[in-house]
Amino acid sequence: MMQSTTGASRSRQLLMSLVPLLFVLIWSTGFIVAKFGLPYAPPLTFLLLRFTGVLIVLLPLVLLSRAPWPHGRIRHVAVAGVLLQAGYLAGVWCAIKIGMPAGLSALIVGLQPILTAFAAPLLGESVRGRQWVGLALGLCGVGLVVANKISLIGLSTASIGLCLFALLCITVGTLYQKRYCAHFDLRTGTVIQFAASIVVVLPFAVAVEGLDWHLVNVHWTPQFIAALLWSVLALSIGAIFLLFALIRRSAATSVTSLLYLTPPTTAVMAWLMFGEAFSLIGALGMLVGVIGVAFVVRK
């Protein structure tokens, strides 16, 4: 019996050690999905369909399993969801739609671990000297990866502002959830967060994009449907569940440092799928970023 318990414990530890890697791989597909899906639907409309799809999948599961609701914390869960889902995604996707290069948007959002580290004392967490070095290395790595993709020519202040807004939302959302509602049932919590995000995004989609019940501004191509399904199942359910699991078990600074690995991973995916340039400097940036994350998360 003791050997069986030990084996199960080791298997669990191995599984949990793979969670950060799996999270980075899935999260990094976000820009790829945007490239596939945005030509066929406005960004806020796409996000509303994505949020609705999550509810269609999860709500029956919640009702059938009688999953517990976070009584007394529903408001906190909803606020965190609006920041992490509606605010962050809407900012990034709208910025890309109006011309922001994916590389530059990744670099701007890549400032999040630094901001989170500065705010760590608010959560009772301390950032050691080695972690500050790791955060700086990670930021340098991100910069090297996207250096050959950045072009400020023709960029509007609106696109830059939207990316900064997304950066603020994901940083505050991560800190807020870690402080006020780090522990809740993932099924019911995710339902609350995406329902709240629909309430916030819907009026803007109607006012800005002319959304109506007939969805006349959506072109239902196979490419769009595939992008939408991946967004719902892999990104909004799979990756978010993994993110919440990481927030539960790790310090906020360590969790957000994983986002340094997103731009390099996205760059490799874009190179493989779309033939986008990936230079030797970019490869060096990946290495620097990995070393930086290792500095931050090492016990």
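Each reported figure results from applying straightforward, stated rules to the coordinates on display, with no laboratory input. Since the structure is predicted, the reported quantities are computational estimates derived from the model, not experimental observations. All Cβ positions, even for glycine, are placed from backbone atoms using ideal geometry, and neighbour counts span all protein chains on display.
Extending 7 Å from Cα along the Cβ direction at Leu64 and again at Val199 yields two label points whose distance is 2.7 nm.
With the convex hull constructed from alpha-carbon coordinates only, region 70-109 shows a mean projected area of 3.0 nm² over all directions.
As a calculated quantity, the FRET efficiency between Trp271 and Thr157 at R0 = 35 Å, using C-beta atoms, amounts to about 0.70. The string of couplings for region 228-233 from the Karplus curve (6.51, -1.76, 1.60, θ = phi - 60°) is 5, 4, 5, 4, 6, 7 Hz, one whole number per residue in order, with x for Gly and Pro. Using R0 = 41 Å, the C-beta based FRET efficiency linking Ile98 and Leu284 works out to 0.85. Karplus-derived 3J(HN,Hα) values for region 219-226, using 6.51 cos²θ - 1.76 cosθ + 1.60 with θ = phi - 60°, are 9, 7, 7, x, 5, 5, 4, 5 Hz; glycine and proline are entered as x. Amide H contacts of Asn217: Asp212, each under 5 Å away and 5 or more positions distant or on a separate chain (H built 1.01 Å from N in the peptide plane; Pro and chain starts excluded).
The label point for Leu164 and the one for Asp185, both projected 7 Å from the Cα toward the Cβ, are 4.2 nm apart.
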